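Participant: The structure is given below, and queries will be raised subsequently.
The values are calculated or read from the model by the stated rules, or taken from the named source; none is laboratory data. Predicted, not measured: the structure shown is a model, and the values here were computed from it. Here Cβ is always computed from backbone atoms with ideal geometry, including for glycine, and neighbour counts include all displayed protein chains.
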Amino acid sequence: MRHLRTVQPADRLPSRLVVTYNLRDIHHIAGTGMAKTETIYVLNGPNLNLLGTREPQTYGHATLADVEKLCIETAAKYALKAECRQSNREGELIDFIHEAHAKKIAGIVFNPGGYSHTSIALHDALVAVQIPTVEVHVSNIHARESFRHHSFTAKAAFATLAGFGIDGYRLAISGLAAKLGVKAKS
């Protein structure tokens, strides 16, 4: 929030005008060149450690290591640092979300895997921390079994991408950067 002192008529001008900005405004005014590197989390849920070998006709041949490399490279284009994590356990994913809040992480790209269709607890964790989040799914969950059509976690995200393969992560990071007001480095 910008604070300005009210300007008086010319005969009563203060000796100096005080203008203050919070750090978020400085970041937006100065651009990414003067700001510190912000960190985002890329969280992957159950079975995503099996990418490349699990149902390649649905999920493709790219591995989780390929996803993480893509995310780190894409984030760097926006002067963001991507920290990638994967867990097959719901509670550990919740802990990652709480940790993101404690560390003031700028945003989250989240593929909750099968938990998206079942986990109210992950939804509640995302709502509680209020960190801008994009949900990603490698496959098009709406073109698959009917039980996959509903996502509890999507309701806590500002955007959802599904069916773009691992390129969905690149698109998610680009969208998250736009939400954060960060432009690509030239």
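Participant: Pairs please, first residue from the stretch 42-55 and touching a residue at least 24 places away in the same chain (Cβ under 8 Å) and within 19 Å of Ala82 (Cα to Cα), second anywhere and crowded, with 23+ Cβ neighbours inside 10 Å and polar (S, T, N, Q), Cβ atoms under 7 Å, 6+ apart in sequence or on different chains.
Facilitator: Within 7 Å, the pairs are Asn44/Asn111; Gly45/Asn111; Leu48/Asn111.
Participant: So, in the stretch 86-107, exactly how many residues are closer than 20 Å to Val182 by Cβ and among the β-branched types (Val, Ile, Thr)?
Facilitator: So the count comes out to 1.
Participant: Would you say Ala121 is among the small types (Gly, Ala, Ser), at negative phi, modelled with pLDDT of 95 or more and surrounded by fewer than 17 Cβ atoms within 10 Å (Cβ to Cβ)?
Facilitator: So Ala121 fits the description; yes.
Participant: Can you tell me which residues in the stretch 37-70 are assigned to a helix (DSSP H, G or I), among the hydrophobic types (A, V, I, L, M, F, W, C) and within 27 Å of Lys185 (Cα to Cα)?
Facilitator: Passing the criteria: Leu64, Ala65, Val67, Leu70.
Participant: While we're on this one: Which residue, of Arg170, Arg85, is over 15 Å from Leu48 (Cα atoms), charged (D, E, K, R), surrounded by fewer than 22 Cβ atoms within 10 Å (Cβ to Cβ) and under 14 Å from the mean Cα position of the chain (by Cα)?
Facilitator: The match here is Arg170.
Participant: Another question about this same structure. Only residues that are part of a strand (DSSP E or B) and more than 25 Å from Ser146 (Cα to Cα): list them for the stretch 71-120, please.
Facilitator: Leu80, Lys81, Ala82, Glu83, Cys84, Arg85, Gln86, Gly107, Ile108
Participant: Applying the selection to the stretch 79-118, what residues are at pLDDT 95 or above and either out of contact with any strand residue (DSSP E or B) (no Cβ under 9 Å at 6 or more places or on another chain) or of a type in the set (S, T, N, Q) (or both)?
Facilitator: The answer is Gln86, Ser87, Asn88, Arg89, Glu90, Gly91, Ile94, Asp95, His98, His101, Ala102, Asn111.
Participant: Enumerate the pairs (first residue in the stretch 80-95 and in contact (Cβ under 8 Å) with a residue 60 or more places away in the chain; second residue anywhere and assigned to a helix (DSSP H, G or I)) with beta-carbon separation below 7 Å, excluding pairs fewer than 6 apart on the same chain, so at least 6 apart or on different chains.
Facilitator: Leu80/Ala177; Ala82/Cys71; Ala82/Ile72; Ala82/Ala75
Participant: Inspect the stretch 137-159 for any residue being among the aliphatic types (A, V, I, L, M), under 21 Å from Glu55 (Cα atoms) and surrounded by fewer than 17 Cβ atoms within 10 Å (Cβ to Cβ) and give the result as yes or no.
Facilitator: Yes, the conditions are met somewhere in the stretch 137-159.
Participant: Condition first: assigned to a helix (DSSP H, G or I) and buried (at least 22 other Cβ atoms within 10 Å of the Cβ). Now tell me which residues in the stretch 126-136 satisfy that.
Facilitator: Leu126
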